Amino acid sequence: MIISKKIIRELECKHRKKLSNELKKHLFLKYSEEPFPYVFSEQDLYTNIENDIRAYDAGKLDVTIKNPFKRWQEEREYYQALYIDKCHEVSELEEYVEDLERMLLAVNIKPLRKSEQKDIF
C-alpha cells in the first residue's frame with residue numbers, strides 16, 4: 001500500500017490540523033513506492049506516517065527535499081548494497097548445498113541435479 005491524498009486528508013482530520021506542504025511533499029516522496037522487496041500493510045503505512053507527523057511536530061524530522069540526482073544516487077547505493085548482500089547469500093547457499101551433497105555421497109547416496117530430477121518424475 002502506498003500513500004494517497006485520501007490518506008493525507010484522513011490524517012489531517014484525525015489530527016485536527018492541516019499538514020504543511022513541505023511535510024506533505026516529504027510524505028509523498030517517502031511513501032509513494034513500496035519499500036522493495038517488502039510492502040506496507042495499511043496499518044504499517046498509517047503508523048509510519050503518524051510517527052513522521054509526530055517527529056515533524058517535535059522538530060525531529062528533516063523534510064528537506066533532496067534533488068533528484070541525490071535521491072537516485074542514494075537509491076542506487078542502497079540497491080548496490082542489497083545486490084552484494086544477496087550475492088553473498090547465494091554463495092553461502094551454494095556452499096551449503098555442496099556440503100549436503102558431500103554428506104549424501106559419504107553414505108553412498110547420489111544427489112540429483114535439477115536436470116536429472118525432471119527425468120525421474
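The values are calculated or read from the model by the stated rules, or taken from the named source; none is laboratory data. Here the structure is a predicted model, which means the values were calculated and not measured. Because the Cβ atoms are built from the backbone with ideal geometry, glycine has one as well, and the counts that use them run over all protein chains shown.
Using beta carbons and a limit of 6 Å, which pairs, at least six apart or on different chains, have the first residue in segment 1-16 and in contact (Cβ under 8 Å) with a residue 24 or more places away in the chain and the second one part of a helix (DSSP H, G or I) and surrounded by fewer than 14 Cβ atoms within 10 Å (Cβ to Cβ)?
Listed by first residue and then by second, the contacts come to Met1/Glu42.
Considering only residues that are modelled with pLDDT under 90 and of a type in the set (A, V, I, L, M, F, W, C), which ones fall in segment 53-74?
Result: Ile65, single match.
Of the residues in segment 80-109, how many are among the β-branched types (Val, Ile, Thr) and within 25 Å of the chain's Cα centre (by Cα)?
Quick first cut of segment 80-109, residues among the β-branched types (Val, Ile, Thr) only: 84, 90, 97, 107, 109.
This time we only want the ones that are within 25 Å of the chain's Cα centre (by Cα), so: 84, 90.
Residues flagged as among the β-branched types (Val, Ile, Thr) and within 25 Å of the chain's Cα centre (by Cα) within segment 80-109 amount to 2.
Would you tally the residues in segment 91-121 being hydrophobic (A, V, I, L, M, F, W, C), at pLDDT 85 or above and assigned to a loop (DSSP other than H, G, I, E, B)? Spell out how you get there, then give the answer.
The first filter runs over segment 91-121 and keeps only residues hydrophobic (A, V, I, L, M, F, W, C), leaving 93, 97, 100, 103-107, 109, 112, 120-121.
Then drop every residue that is not at pLDDT 85 or above, which leaves 93, 97, 100, 103-107, 109.
Still in the list and also assigned to a loop (DSSP other than H, G, I, E, B): 107, 109.
So the count comes out to 2.
Given (1) modelled with pLDDT under 95; (2) out of contact with any helix residue (DSSP H, G or I) (no Cβ under 6 Å at 6 or more places or on another chain), where does Glu77 come up short, assuming only one miss?
Looking at each condition in turn, Glu77 falls short on (1).
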